[in-house]
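Asks: Here you go, one structure.
The values are calculated or read from the model by the stated rules, or taken from the named source; none is laboratory data. Not measured: the values here are computed from a predicted model. No Cβ is skipped: glycine too gets one built from the backbone with ideal geometry, and neighbour counts run over all protein chains shown.
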Amino acid sequence: MAPKQLSTVLLAVCATFLALAAPLLAGDPDMLQDFCVADYKSLNGPLRLNGFPCKRPENVTADDFFSAALALPGNTGNPVGSAVTAANVEKLPGLNTMGVSMSRVDYAPWGVNPPHTHPRATEIIYVLEGSLDVGFVTTAGKLFARTVCKGELFVFPRGLLHYQKNNGDAPAAAISAFNSQLPGTQSLALALFAASPPVPTDVLARALQIDGGLVEAIKSKFPPMRGGCLSGAGGEEKNGGNSDGRGRDQGAGMKERHGPSKQANEFSAPARLPVMVFVFFHLQEIIMYIVGQAEKEEAGCSGMPAQAECRHAPEKDAECPDHSPEEEAEEKAEFPDSPEEEEEADASSSEG
């Protein structure tokens, strides 16, 4: 096979493999148009995609890009003493495909935004009023913590457990920005003790090295979550510390208003993983098969073994004889082409 053709084949195989791997590493997809205002009404339809369908441009108005959700402080009258007001794609349809969102976090005196994670985004927090004790824990178990005062910033890396606490006797407030239109929030306490169906008590007792009765006592403090928010929460400002608005995961906020969310991609990154594993472990066989097929086509005898080197071009007839040696000898004896061949033909006839 020609080197140029081989390199083309290898390039095609590598491009296919990278195309399968790309969704596992990607964040929010890049925009392919000026805007894609979320069309919430389309969620009840048959279309399934990662995000929200686009509203028709002629139906888009300036209000689709406007929100006053962060103008007023949230109600911090809850056990943890904090309230999160979100401005994500579920509240502001113009954010769809933009890859950004914000939240306002209000803290009562000594209030806490409990330990939680954002699986789809990095968070940067800006303190509006007061001062906060903040921190995050790495996968190696190391805590990075410090005090952040008014006008200062702090970054929480994507997916890492983090918290904030108002360290004063006056209310505090902060603005959080995310590099995702819907970063997702998972509260550690709610995930462990308020999941629905519940996490088995014996699992938590063994993991936390405590008695099962104590686990049940802790569970009684947290009403079961329904659709990603606390039952009886009574609105977005009573979730007590979920920085994604009402404690919802992606698409959960649309369930109450528009029925089941249609955001899940049927061939998402987890679905592509088995295909990638198969391609990875069989890459050599795939390449050899493609190279073999190319050699057969180049040989011109796709139905015969490649090593036969069958070629039907006139100049290659000698490589693929159409007659046996006995038939060729008879033809030469009957139709000699030169004096030498005539002498050989006469000799053959006399011997016969």
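Asks: Filter region 122-167 down to residues that are in contact with a strand residue (DSSP E or B) (Cβ under 6 Å, 6 or more places away or on another chain) and in a strand (DSSP E or B), then give me how many there are.
Replies: Of the residues in that region, 28 qualify.
Asks: I'm told SER82 meets every condition in (1) under 29 Å from VAL37 (Cβ atoms); (2) more than 22 Å from the chain's Cα centre (by Cα); (3) not hydrophobic (A, V, I, L, M, F, W, C) except one. Can you identify the failing condition by its number?
Replies: It fails just one condition, (1).
Asks: Checking LEU132 against (1) more than 18 Å from SER82 (Cα to Cα); (2) surrounded by 15 or more Cβ atoms within 10 Å (Cβ to Cβ); (3) aliphatic (A, V, I, L, M), which single condition isn't satisfied?
Replies: (1)
Asks: Since SER67 meets every condition but one in (1) touching a residue at least 40 places away in the same chain (Cβ under 8 Å); (2) surrounded by fewer than 24 Cβ atoms within 10 Å (Cβ to Cβ); (3) among the small types (Gly, Ala, Ser), which condition does it not meet?
Replies: Looking at each condition in turn, SER67 falls short on (1).
Asks: A follow-up question, please. How about region 136-189: which of its residues are surrounded by 15 or more Cβ atoms within 10 Å (Cβ to Cβ) and basic (Lys, Arg)?
Replies: Hits for region 136-189 are ARG158, LYS165.
Asks: Could you please tell me which pairs satisfy a Cβ distance under 7 Å, a separation of 6+ or placement on different chains, a first residue in region 87-111 that is more than 18 Å from PHE154 (Cα to Cα), and a second residue that is among the aromatic types (Phe, Trp, Tyr) and crowded, with 24+ Cβ neighbours inside 10 Å?
Replies: Taking only residues 6 or more apart or on different chains, the pairs are VAL89/PHE52; ASN96/PHE52.
Asks: Which pairs turn up if I take residues in region 201-212 that are farther than 16 Å from ALA191 by Cα and look for partners that are in a helix (DSSP H, G or I) and modelled with pLDDT of 95 or more with beta carbon separation below 7 Å, at least 6 apart in sequence or on another chain?
Replies: Every condition considered, the pairs that remain are ASP211/ALA205; GLY212/THR201; GLY212/ASP202; GLY212/ALA205.
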